Each structure stands twice: as C-alpha cells, then as structure tokens.
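Asker: Provided herewith is a single structure, encoded as structure tokens, for subsequent inquiry.
Throughout, read-outs are computed from the coordinates displayed, never taken from laboratory work. This is a predicted model, so every value here is computed, not measured. FYI the Cβ positions are ideal-geometry reconstructions off the backbone, even for glycines, and counts take in every protein chain you see.
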Amino acid sequence: MQHIKFIFISFFISLLAACSKPVPDYSGTWVIQYGEQERILTITKNGDEYQIHDELKKTNEDKTIYSGQSSGTVNRQGELTSGQNDMINTFTLNENANQITFQTYDHQTIILNKK
C-alpha cells in the first residue's frame, strides 16, 4: 500500500511541475524609436517586485522629454502590471523574450525591442 501511495504522490508532483509555466523575467532595457524620439524602459527586479524607469528622449538633442518611475509585479497570467485603480499598465513578453508589449492605462499599445 505504501508503494502505491508513493507512486501516486510522485505522479501528482510530476504533473504539477509539468503544468506550471516559468515566471517570465522582464529585467532589461527596452527601446523603441519614434522618428527623432526614443522611448526607453529600464526594468530591474528587486525580490518579487520590478522597478520600471520610463524615459522619453529627443535623440538629436540628447534631451529628456519625460522621465517616470513605477513598480510592478507579475500576475498569474505572467504579465507585469504597474499602477493602481483605473491607471494600470500591462507588459507582456513575446515567446523569444526579445520584445515587450506595453499596454498603457489609456489603451495605447507600444512594442519595444530588447537593447
């Protein structure tokens, strides 16, 4: 009887391990060009939380137009979310982890490439 329990428990643990998806790592620098402007997201991991630095620069003048900081966590769907209430930003990685889709709280979709 002990042997059957051991086999059942081993099978159940193997099944759970096979079904669980690894949590994506959003760390890195992500960039998109808009003509003479460049948007740079720098994402760093600190424990279970991510720090997100968002910067918009005018490249021909090396001038920062916007700079903001936020923090976020990865949800059950594997998306990185930041913000609060009705101003939630969502980030998702593509399969190769070389592009990130940034869905802003006001429903703009921005695709950035890993630098």
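Asker: May I ask you to list the aspartates and glutamates whose Cα is less than 12 Å away from that of K57, ignoring any residue fewer than eight positions away on the same chain?
Answerer: E36, E38
Asker: Pop a pseudo-label 7 angstrom from the Cα along the beta-carbon direction at both T42 and Q84 and give the gap in nm to one decimal.
Answerer: Result for the modelled spin labels: 2.5 nm.
Asker: Semi-axes of the stretch 25-115's equivalent ellipsoid from the Cα gyration tensor, sqrt of 5 times each eigenvalue, largest first, rounded to whole Å?
Answerer: 21, 14, 13
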